[in-house]
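Where a number appears in this text, it was derived from the coordinates with a stated rule and is not lab data. Everything numeric in this text was worked out from a predicted model, so none of it was measured. Here Cβ is always computed from backbone atoms with ideal geometry, including for glycine, and neighbour counts include all displayed protein chains.
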Amino acid sequence: SEKCVEIEVAAMFNKMIAGILPYMPKKLVWMFSKEYIAGETIEEAIVNAKKLNDEGILTTIDVLGEFITTLEEAEENKKEYLDVIDAAEKAGVEGNYSLKPTFFGLLIDKDVAFTHIREIVAKAASYGNFIRIDMEDSPCTDMEIEMYRQLKQEFPGNVGLVVQSYLRRTRVDIESLEDLNSEEFPVNLRVCKGIYVEPEEIAFKKYEEVNSHFLDDVELMFQKKMYPAIATHDIPLVEGAFKLIEKYNVPRDKYEFQMLYGVTPGLRKSILDKGHRMRVYVPFGKQWFGYSTRRLKENPKMAGVIIKALFKK
Ligand code: FDA
C-alpha cells in the first residue's frame, strides 16, 4: 500500500544518512544529537536529572563512553564514576546509575574491569543506591552475566543487569538467574530489545519476533516474581506490558518503565499519568558521538530531524 512504500522510502533515506554520519563534522552532528544527551558535564547532567525528578521521574545517570583501548582509561573512568556518584548523591538526585563494562576494560582484562565495577557498586551501596550493568554486544554477554552474578551475591540489593529480547538465549539466561532471586532482593533486569548488530544465528531479526520475545521475557519475570524494568518507546510493547501487569496483578513497586533521555516524552508522560513508576536514562559526557548516532539511527524521522536542525541553526 501507499503507507508501506512511504515507510520503505523513509527507511532507505534513513539508512543513507546513517551511513554518512561518521564522516560529518562533529559540530554538525552535535546539532541534532544534543536532544539525546544531558550535557557534557556532571553539573549539567544533575540539573537535567533534577528537572526530570520534578516531573515525578526517576533517573539512571550514565557516563558516556565504551570500548576503551587502555587500562589507564579504565582507571580514569572508574574515578569519574566515583565522583559522579558523590556529586549526584550530594545534589539529592532521585535515581541510580548505569554503566557499560567495556568502559572499564572488559575486553582488555576482565578481572581489572570487575575490580573497578565492584568498587563502583560498593560506593553506590554505601549510599544505599544501585548500579545497573548495561548489556553490550554478544562477545560480552557471558562475561556481563557472570559479573552480575558475582556482584549480586555480595551486594544483593545494589546491582542489576540488562537483557536483550533480540537474543535467542535470553529466556534461558533469565531462568538461570532464578537462584539469585528473593522476595527481599529480587533479580532486577532491564528488558530491552537490544541495539547491536548481531548475526541471525543468535538473534531474532524481525520486528514481530523481537517484540513477542520482549513480552515473553517480561511475563517470565512476573511469573518468577523478579523485578522487570520495562525499557521501550514502542507503543504495542507498552500496551502489552500494561496487560501483563493487570493479568498478574503486579503491585506498582514491583516493576518500572524506562525510557531514554529525549525520546518520546509524550508517551512517557502518558505512562506516568497512569501511576506507573518511570525512570529515564540520563547519559552525559564528552564521548557522546557513538551513543547519539545509535539514537539517531533509531529515530524513524531521522532524516527529517537532521534537515530541520540544519535549517534551524
Ligand atoms: P523501536 O526502536 O521499535 O522504537 C519504537 C518507537 O519509539 C519508534 O517507532 C519511535 O516512534 C520511537 N523511537 C525510538 N527510538 C527513537 C529515537 N531515538 N528518537 C525518536 N523516536 C524514537 N540496548 C542494549 O543493547 N543494551 C542496553 O543496555 C540498553 N539499555 C537501554 C536502556 C533504556 C532505558 C532504554 C529505553 C533502551 C536501552 N537500550 C539498550 C536500547 C534498546 O535496546 C533499543 O535499541 C531502543 O530502546 C529502541 O527500541 P524500542 O523498544 O524503543 O523500539
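Dividing the summed helix terms, -39500 (n - 2.57) for each DSSP H run of n ≥ 4, by the number of residues in the chain produces a 222 nm estimate of -16000 deg cm²/dmol to the nearest 500. Just to verify a number: FRET efficiency for Lys205 and Ile20, C-beta to C-beta distance, R0 = 35 Å, to 0.05? In this case the efficiency is close to 0.90. For the stretch 240-274, chymotrypsin sites (Phe, Trp or Tyr not before Pro) are listed when DSSP marks them as loop and at most 16 other Cβ atoms sit within 10 Å of their Cβ; the list is Tyr248. At an R0 of 25 angstrom, the distance between the Cβ atoms of Glu246 and Lys269 translates into a FRET efficiency of 0.75. Applied to the stretch 120-135, the Karplus parametrisation 6.51 cos²θ - 1.76 cosθ + 1.60 on θ = phi - 60° returns per-residue 3J(HN,Hα) values of 5, 5, 4, 5, 4, 4, 5, 9, x, 10, 9, 10, 9, 8, 5, 9 Hz, with x for Gly and Pro.
Beyond 25 Å in Cα-Cα separation lie the following of the pairs Lys100/Lys308; Lys90/Lys123; Lys205/Lys308: Lys100/Lys308; Lys205/Lys308. Note on Thr115 and Glu43: the extension gain reaches 23.2 nm, defined as 0.36 nm multiplied by sequence separation minus the Cα-Cα distance. Full extension of the chain between Leu220 and Val172 yields a length gain of 16.2 nm, computed as 0.36 nm times the residue separation minus the alpha carbon distance.
Enumerate by residue number the GluC sites (Glu not before Pro) in the stretch 47-138 meeting two conditions: DSSP loop (anything except H, G, I, E, B), and at most 15 other Cβ atoms within 10 Å of the site's Cβ.
On the way: sites: Glu55, Glu66, Glu72, Glu73, Glu75, Glu76, Glu80, Glu89, Glu94, Glu119, Glu136; in loops: Glu55, Glu66, Glu94, Glu136.
Those that pass, being in a loop and sparsely packed, are Glu55, Glu94.
Rounded to the nearest 5, what is the percent of antiparallel bridges among the DSSP beta bridges in the chain? Mind showing how you got there, number by number?
Numbers: 1 of 32 bridges.
So the antiparallel bridges in the chain amount to around 5 percent.
Maximal additional length on extending the Glu146-Glu184 stretch stands at 11.5 nm, based on 0.36 nm per residue less the C-alpha distance.
Checking the a/c ratio against 1.5 first, then a/b against b/c, what shape does the Cα gyration tensor give for the stretch 1-97?
Oblate, because a/c is 1.5 or more while a/b does not exceed b/c.
Working from the Cα coordinates of the stretch 85-133, the gyration tensor eigenvalues give, after taking √(5λ), semi-axes of 23, 10, 8 Å in decreasing order.
Over the chain, what is the relative contact order in percent, taking alpha-carbon pairs closer than 8 angstrom and at least six residues apart?
Working: 458 pairs, mean separation 77.2, N = 313.
Once divided by the residue count of the chain, the mean separation gives 25 percent.
Using the 2.2 N^0.38 Å rule of thumb for compact globular proteins, work out how the chain stacks up: its C-alpha Rg over that value, please.
On the way: Rg = 19.1 Å, N = 313, 2.2 N^0.38 = 19.5 Å.
Compared with the compact-globule rule of thumb, the chain sits at 0.98.
Across the stretch 236-313, the mean sequence separation of Cα contacts (distance under 8 Å, 6 or more residues apart), normalised by length, yields a relative contact order of 25 percent. What the phi angles of the stretch 158-170 give under the Karplus curve with 6.51, -1.76 and 1.60, with θ = phi - 60°, is a coupling list of 10, 8, x, 9, 10, 10, 10, 6, 6, 7, 5, 7, 4 Hz, glycine and proline written as x.
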